[in-house]
1. Just name the residue that is farthest from PHE118 (Cα to Cα) out of those in the stretch 31-56 that are open to solvent by 30 Å² or more (accessible area, probe 1.4 Å) and at pLDDT below 90.
2. Only one of ASP104, ASP77 is open to solvent by less than 80 Å² (accessible area, probe 1.4 Å), acidic (Asp, Glu), over 15 Å from SER39 (Cα atoms) and touching a residue at least 24 places away in the same chain (Cβ under 8 Å). Can you tell me which?
3. Across the stretch 109-157, what is the number of residues that are exposed (fewer than 13 other Cβ atoms within 10 Å of the Cβ) and outside any loop (DSSP other than H, G, I, E, B)?
4. Filter the stretch 107-125 for residues that are in contact (Cβ under 8 Å) with a residue 40 or more places away in the chain and of a type outside the set (Lys, Arg) and give the result.
5. Which residue out of THR65, THR80 is closer than 28 Å to PHE151 by Cβ and polar (S, T, N, Q)?
6. Residues GLY158, GLY175, GLY162: which one is more than 28 Å from the chain's Cα centre (by Cα) and modelled with pLDDT under 70?
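The values are calculated or read from the model by the stated rules, or taken from the named source; none is laboratory data. Quick caveat: nothing in here was measured; it's all calculated off a predicted structure. Neighbour counts are summed over all protein chains in view; Cβ atoms, including those assigned to glycine, are modelled from backbone coordinates with ideal geometry. Accessible surface areas use protein heavy atoms only, side chains included; no ligands, DNA or RNA. Shrake-Rupley method; radii C 1.70, N 1.55, O 1.52, S 1.80 Å.
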Amino acid sequence: MNRRDLIKNIAIISGGLFIGSNFLLTSCKNSEAGSQVISEDLLKLLDEVAETIIPETETAGAKTTKVAEFINKIFQDIYTDEEQKEFIAALKMINDKAKEKMGDDFVNLSADKKAQLFSEIKSPKDKGFLAMYQMVLYSYLTSEKGMKATFRYVPVPGKQEGDIPYKKGDKMFVGLAG
């Protein structure tokens, strides 16, 4: 299974629990949203981490789809103070580990070294790390470029076709733009 299929399957399996009920149940801005802000340095770090998770290939990567900008908006409008602290701590931990293991900031490492380091330190038990990882996937899959790269987009409304041929390896159909 390749990485794009894995991302698609995670999104499908996770469903509504993918990024947390707070986000899905909150319309515009959470009244309990925290007051922390992601600094420019941490935003650049988040951009590089996102690109490490979903790199540019024959399809758009996380940087091209502006994943970090979208996550920053969610961070400010939805995340509580506790969630914000965990998220920022996870970002700082990645950079600290890069300095410790690779001798430089994460943003200055080569793509191979970023991927190697990320594989070594990723922890699904760390709430901040998990939230960051899930938000990267969510942000990518809900962007126009990410959606079109991952799924076969069919505009709705359109004519109803109940029997569309499918070959193994084809992209899954979606009908609503993100």
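1. SER31
2. Only one candidate passes the filter, namely ASP77.
3. 5
4. VAL107, ALA111, ALA115, PHE118, listed by residue number.
5. Only one candidate qualifies: THR65.
6. GLY158
A quick yes/no check of all residues on (1) within 15 Å of LEU46 (Cβ to Cβ); (2) in contact with a helix residue (DSSP H, G or I) (Cβ under 9 Å, 6 or more places away or on another chain); (3) modelled with pLDDT of 90 or more:
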{"position": "LYS66", "(1), (2), (3)": "yes, yes, yes"}
{"position": "ILE74", "(1), (2), (3)": "yes, yes, no"}
{"position": "THR80", "(1), (2), (3)": "no, yes, no"}
{"position": "GLN84", "(1), (2), (3)": "yes, yes, no"}
{"position": "PHE87", "(1), (2), (3)": "yes, yes, no"}
{"position": "LYS92", "(1), (2), (3)": "yes, yes, yes"}
